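Since the structure comes first, as structure tokens, the remarks are kept for the end.
The values are calculated or read from the model by the stated rules, or taken from the named source; none is laboratory data. Keep in mind it's a predicted model, so treat the numbers as computed, not measured. Quick reminder, even Gly has a Cβ in these numbers, built from the backbone with ideal geometry, and neighbours come from all protein chains shown. The area values use the complete protein model at the heavy-atom level, side chains included, leaving out ligands, DNA and RNA. Shrake-Rupley method; radii C 1.70, N 1.55, O 1.52, S 1.80 Å.
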Amino acid sequence: MSEIRITPSILNADLTKIDSEIAKIAQVSDLLHLDIMDNKFVPNQTWNFESAHKIISNSPIPVDAHLMIADPDIQARRYAEIGCRSVTVHFEACENVSIVLKSIRSAGARSALALKPKTDFAVLKSYREQLDMILIMTVEPGFGGQKFMVEMMDKVRKSREFIGDADIWLQVDGGISIETIEIAREAGADTFVAGSAVFKASDPADMVLQLRKLAAGK
Ligand code: DX5
Ligand code: ZN
């Protein structure tokens, strides 16, 4: 199957020293997962565009921006323009999914669509040509440290089948740890967000390596 990517989320890192937290995992991670929340689409707030821009500019590794915001139709393109490698918007928040995905790609980033737990897999079907990544949420978006929803694996399996031989990454986000990553891998995920598992570990880089090994079936 496809290549594996580990994309740590800094949501639950020590935000008083973001740069040194990112430095802990940069050598061993594929992308940095940045959770943008506006307290409208989800009941929590993180970075606004300006503060995210600073993190993105200073990051030693490419950034995977996960936009949990109410106005992705306006904002997504801006995140692509400032150099994010990948920009993910939520199906539930977009007014026009196709236009948003196209705007991300045309600004030079990988375009990705996220589905909340209650959103059906079938909504993806219209967008196969415009997608570079699918994100299946394995918790309700908004907070780190929640329990992995194993019942989402059916959606992951269906997404894997839907992807076929297309160059579309399949990401899972929420509750990924050494206890759950193999379950998600077996269902077909190839790109794994891990927040608290990585940053609450005594050695975050070693945790990324352990997660990678488990996902690779080693
Ligand atoms: C939750 C965010 C996640 C979060 C994951 O809405 O999208 O990226 O940081 O945290 P863990 O890995 O702790 O579930
Ligand atoms: Zn996320």
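Quick notes on this structure:
- Accessible area ranking (1.4 Å probe, heavy atoms, ligands and nucleic acids excluded), largest first, for Leu170, Leu15: Leu15, Leu170.
- Solvent exposure, largest accessible area first (probe 1.4 Å, DNA, RNA and ligands not counted), of Val63, Val123: Val123, Val63
- Annotation note: GluC sites (Glu not before Pro) in region 1-57 located in DSSP loop regions with a Cβ neighbour count of at most 14 within 10 Å are Glu3.
- With a Cα cut-off of under 23 Å and a minimum spacing of 8 residues unless on different chains, the lysine pairs in the chain number 25.
- In region 72-119, the trypsin sites (Lys or Arg not before Pro) that fall in loop regions by DSSP, at most 12 other Cβ within 10 Å: Lys118
- Per residue, the convex hull around the alpha carbon atoms of region 127-218 comes to 100 Å³.
- Share antiparallel - DSSP beta bridges, the chain, percent rounded to 5: 5 percent
- Built from the Cα atoms of region 1-79, the convex hull projects on average onto 6.1 nm², one quarter of its surface area.
- Residues whose amide H lies under 5 Å from that of Leu170, counting only those 5 or more places away or on a different chain, are Ile134, Asp190, Thr191; hydrogens are built 1.01 Å from N in the peptide plane.
- Distance between modelled label sites at Glu129 and Asn48, nm, 7 Å Cα→Cβ extension: 3.9 nm
- Averaged over its residues, the chain has an accessible area of 44 Å² per residue, based on protein heavy atoms and a 1.4 Å probe.
- J(HN,Hα) series, region 70-85, from Karplus relation 6.51 cos²θ - 1.76 cosθ + 1.60, nearest Hz, glycine and proline x: 7, 10, x, 4, 8, 8, 4, 4, 4, 5, 5, 5, 8, x, 4, 6
- Per residue, the Cα convex hull of the chain amounts to 106 Å³.
- On full extension, the segment bounded by Asn96 and Gln27 gains 21.1 nm, given 0.36 nm per residue less the C-alpha separation.
- Computed from the C-beta positions of Leu15 and Asp165 and an R0 of 41 Å, the FRET efficiency is 0.55 to the nearest 0.05.
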